[in-house]
1. Sort out which residues of the stretch B:117-170 are more than 12 Å from chain A (Cβ to nearest Cβ) and at pLDDT 95 or above, and write them in order of number.
2. Residue B:99 is checked against (1) closer than 27 Å to residue B:49 by Cβ; (2) within 13 Å of another protein chain (Cβ to nearest Cβ); (3) not in a loop (DSSP other than H, G, I, E, B) and fails just one. What number does that condition carry?
3. Quick one: residue A:288 ticks every box in (1) closer than 27 Å to residue B:175 by Cβ; (2) modelled with pLDDT under 95; (3) within 14 Å of chain B (Cβ to nearest Cβ) bar one, so which box is it?
4. Of all residues in the stretch B:28-50, how many are closer than 13 Å to residue B:73 by Cα and either in contact with a helix residue (DSSP H, G or I) (Cβ under 8 Å, 6 or more places away or on another chain) or not assigned by TED's automatic domain parsing to the domain that holds residue B:247 (or both)?
5. Which condition number in (1) outside any helix (DSSP H, G or I); (2) within 11 Å of another protein chain (Cβ to nearest Cβ); (3) surrounded by fewer than 24 Cβ atoms within 10 Å (Cβ to Cβ) is the one that residue B:194 fails?
6. Go over the candidates B:107, B:83, B:66 one by one and state the one that is within 8 Å of chain A (Cβ to nearest Cβ), touching a strand residue (DSSP E or B) at 6+ places or on another chain (Cβ under 9 Å) and either surrounded by fewer than 16 Cβ atoms within 10 Å (Cβ to Cβ) or within 26 Å of residue B:246 (Cα to Cα) (or both).
7. Can you tell me which residue is surrounded by the most Cβ atoms within 10 Å (Cβ to Cβ) among those in the stretch B:207-229 that are within 22 Å of residue B:125 (Cα to Cα) and touching a strand residue (DSSP E or B) at 6+ places or on another chain (Cβ under 7 Å)?
8. Looking at A:275, A:257, can you tell me which residue is away from chain B (no Cβ under 14 Å) and in contact (Cβ under 8 Å) with a residue 40 or more places away in the chain?
């Protein structure tokens with residue numbers, strides 16, 4: 001099916017690849033989706049809401065199947081059910097960082113929702129007699145089948161998501177790390193829980209179209225987790241997370257083009273490899289460069305505080 | 001005992017008679033905290049009620065009382081995080097409202113897990129600008145022409161980190177530093193807006209002894225040097241005793257305020273708890289409140 005195989009002339013390879021509209025569409029959609037997932041994923045990981053993200057994806061499966069059942073575009077089903085589920089999860093007490101006590105119970109509530117969603121998805125799929133390929137596409141993504149129409153939808157939802165994240169970024173970071181102080185400072189912590197889960201539902205609905213329900217964490221969790229290994233600065237971590245998500249998507253699509261294997265596999269594998277490298281790098285960095293930890297001694301405690309220096 | 005300057009704000013103690021102000025402030029002295037017949041209800045439970053008290057500018061005040069008596073609730077009411085069910089509360093002459101930058105807050109100890117990958121400096125900075133909409137990307141603000149403000153904020157963050165002596169580790173991820181070091185940075189976060197009132201909820205809880213010493217030194221030094229009125233919820237009053245201007249005692253839905261000598265006495269506390277409470281003084285000047293186990297009184301002071 002391929003005109004020409006892979007050569008080590010990367011420019012020629014890229015030109016070869018981009019001759020095909022399906023590859024142009026896949027790269028464009030993949031880039032937009034990865035950008036959004038990388039940014040939203042950073043906040044999701046920081047808030048410890050990965051399980052909510054996972055659930056939103058699975059609810060999306062029911063939504064997409066249900067949409068086919070009533071004869072509308074699957075992406076509409078993804079968005080509608082995703083937002084409804086996001087509101088449900090938030091109402092159940094959507095868990096933020098520093099909320100360890102309430103977290104367990106919320107997880108259980110989300111888990112029950114997850115199971116119900118998968119069951120509904122199964123039913124809808126059977127009722128709509130969706131051919132197996134349709135289900136397969138929702139579960140594992142069908143990035144090479146993205147159409148112009150899909151790209152318009154993806155770009156529009158991505159634009160909404162990015163605008164909202166840009167508006168709420170700083171207070172969201174504050175509320176995620178330190179909800180009590182944020183509330184005292186006037187941040188609407190509860191409202192942000194709702195808004196963020198809706199943003200997450202949007203990001204999930206977009207990402208499902210590229211990597212599918214089951215592989216979604218390759219774009220939502222892994223790049224953010226990798227970025228957080230490499231830097232503790234929020235601005236850098238955000239940028240790095242988005243850049244990593246885009247990079248693994250490009251690499252995965254390119255390699256899939258030259259091999260008979262699915263893009264989803266390569267995207268997840270490259271994302272995981274980046275994560276492993278980042279962990280290894282941090283381990284080495286910590287062993288190698290950092291000096292032994294110094295603590296102020298009991299006797300000099302008062303002096304230490306006054307001068308703002310730690311005695312050598 | 002000079003019960004005349006004490007305020008026992010309970011319906012039982014006073015019937016329907018309105019509670020008096022605690023010692024009326026001298027003319028000109030600003031009341032930083034002012035509560036008038038205040039009550040807080042959580043669900044069906046009244047935490048405390050008919051509380052009237054004043055804290056004057058520059059005072060260093062400990063908030064004491066058994067677990068679950070409503071000490072943290074008092075701070076949250078002053079922050080506007082919990083609404084009063086009755087009465088009025090004002091801070092620095094204005095009704096309490098959330099997001100008051102003149103109030104610094106250190107909630108009950110929160111521990112950042114080892115995997116929280118954000119620098120202590122970033123947390124301090126969020127105390128300054130975290131409530132502002134937008135993204136935490138300073139470069140963007142510089143490009144938008146707010147370079148001066150960005151530099152000024154950075155300078156203030158550096159300054160406040162130096163004040164608590166945390167400059168050495170402010171750039172490390174918060175989860176990787178010790179509990180005492182985390183607490184110093186969180187105090188810096190509370191101080192970063194140059195508050196005139198500090199509300200600290202058990203700032204020494206869970207810290208090892210050397211850290212307790214360092215943190216309590218920092219709190220006392222800063223509140224004194226910068227003239228910040230400080231309300232500090234404490235489990236053990238003894239380390240603070242020499243420095244306290246007043247004590248607020250919260251127990252059984254009632255709130256007392258007065259000097260430690262006035263409040264922490266067998267006579268006064270018995271009026272709140274009933275006759276089984278006794279205040280003992282040890283030979284080295286420590287006080288010990290002994291009371292019925294089920295009230296959880298015996299732990300402290």
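The values are calculated or read from the model by the stated rules, or taken from the named source; none is laboratory data. Keep in mind that this is a model prediction, so the values were computed, not measured. Positions of Cβ are generated from backbone atoms using ideal geometry, with glycine treated the same way; all protein chains shown enter the neighbour counts.
1. B:155, B:156, B:157
2. (3)
3. (3)
4. Looking only at that region, the number is 6.
5. (2)
6. Of B:107, B:83, B:66, the one residue that is within 8 Å of chain A (Cβ to nearest Cβ), touching a strand residue (DSSP E or B) at 6+ places or on another chain (Cβ under 9 Å) and either surrounded by fewer than 16 Cβ atoms within 10 Å (Cβ to Cβ) or within 26 Å of residue B:246 (Cα to Cα) (or both) is B:107.
7. Among them, the one singled out is B:219.
8. After ruling out the rest, the residue left standing is A:257.
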